[in-house]
Amino acid sequence: QVQLVESGGGLVQPGGSLRLSCAASGTLFSINAMGWYRQAPGKERELVAAITRGGSTNYVDSVQGRFTISRDNAKNTVSLQMNSLKPGDTAVYYCNANVQVQPWVWSSSDYWGQGTQVTVSP
């Protein structure tokens, strides 16, 4: 029904920047919250940043002030601008979207992208 495709990951030096993008496609009525999660080896998946349809944002403390999440509702995209990257930011980053698939069906489902690797290393 819905597919999320991420792009923008890669290798960057500490202090560098990357911008992740995610595009939602398929049959859907509306997208509620969108967000980025990450999972490092041996660590639990954690929410990095989330944004509601209205633009309210939430960040994990470790990225506050360094990362900025944004979305384009018309294009069904969400981006994560990552500045001042640290080695601790190294992880696979996953795009997430909470989607209402059909109009008048008041239920929603979470969809996930395939993940994009972000590596921060000298």
**Fill in**
Of all GluC sites (Glu not before Pro) in the range 1-55, the ones in DSSP coil with at most 15 other Cβ atoms within 10 Å are Glu44
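Only loop residues by DSSP count here, and only those with at most 13 other Cβ atoms within 10 Å; note down the chymotrypsin sites (Phe, Trp or Tyr not before Pro) in the range 1-63 that meet that. Show your work: numbers first, answer last.
Details: sites: Phe29, Trp36, Tyr37, Tyr59; in loops: Phe29.
Hits after loop and neighbour filter: Phe29.
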**Item:** Cβ-derived FRET efficiency at R0 25 Å, Ser7 paired with Glu46, nearest 0.05
**Value:** 0.75
**Request:** Please go through the range 44-117 and write out the trypsin sites (Lys or Arg not before Pro) that DSSP classes as loop and that have at most 10 other C-beta atoms within 10 Å.
**Result:** Lys75
**Other-chain or far-sequence residues with amide H under 5 Å of Lys86's (modelled H)** = Gly15
**Request:** Would you look at the GNM of the chain, springs on alpha carbons closer than 10 Å, and say which of Leu20, Leu80, Leu11 moves the most?
**Result:** Leu11
**Fill in**
Per the 1/(1 + (r/R0)^6) rule, R0 = 25 Å and r from the Cβ atoms of Arg19 and Asp110, FRET efficiency to 0.05 is 0.60
**Item:** Förster-model FRET efficiency, 25 Å R0, Gln117 and Ser70, C-beta, rounded to 0.05
**Value:** 0.70
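Throughout, read-outs are computed from the coordinates displayed, never taken from laboratory work. What you see is a predicted model, and the numbers here were worked out from it, not measured in a lab. Here the Cβ is made from the backbone with ideal geometry for all residues, glycine too, and neighbour counts use every protein chain on show.
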